[in-house]
Amino acid sequence: MPAPKFRSRTFRRVNKKLPGGRTKLFHLKRKSKKAHCASCGKVLQGVPREMPYKMKNLAKTKKRPERPYGGVLCSSCTRELIKQKIRSENV
């Protein structure tokens, strides 16, 4: 019987093969959700889906795209926002 904390689906169950050839059930933490655009809600490309302790060790350039609003807005929403800002400056 697993420990009480492993009985819920908070932990995902993974069968791993051990060096001796046996398989054993491991309980691993679930990953966080994928990053979404703040404007349209589309899943962001170029943003890794990792645990916070792994994200902490990543380089800043690996955590989000190198462009304005990278990691916050998708490319199409960023493009539209920049167009609006330029239009408002010219008026």
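Numerical summary
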{"read-out": "Every residue from segment 32-73 that is outside any loop (DSSP other than H, G, I, E, B), within 25 Å of residue 10 (Cβ to Cβ) and not basic (Lys, Arg)", "value": "36, 43, 52, 53, 55"}
{"read-out": "Subset of segment 24-66 (residues that are over 30 Å from residue 3 (Cα atoms) and surrounded by fewer than 13 Cβ atoms within 10 Å (Cβ to Cβ))", "value": "40, 41, 43, 45, 57, 58, 59, 60, 61, 62, 66"}
{"read-out": "Within segment 6-27, considering residues that are in a loop (DSSP other than H, G, I, E, B) and either assigned by TED's automatic domain parsing to the domain that holds residue 51 or under 18 Å from residue 51 (Cβ atoms) (or both), the one nearest to the chain's Cα centre (by Cα)", "value": "10"}
{"read-out": "Residue tally, condition of a type in the set (Asp, Glu) and more than 27 Å from residue 82 (Cβ to Cβ), over segment 31-70", "value": "1"}
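The values are calculated or read from the model by the stated rules, or taken from the named source; none is laboratory data. Being a predicted model, the structure only gives us computed values, none of them experimental. Cβ atoms come from the backbone with ideal geometry, glycine included; neighbour counts cover every protein chain shown.
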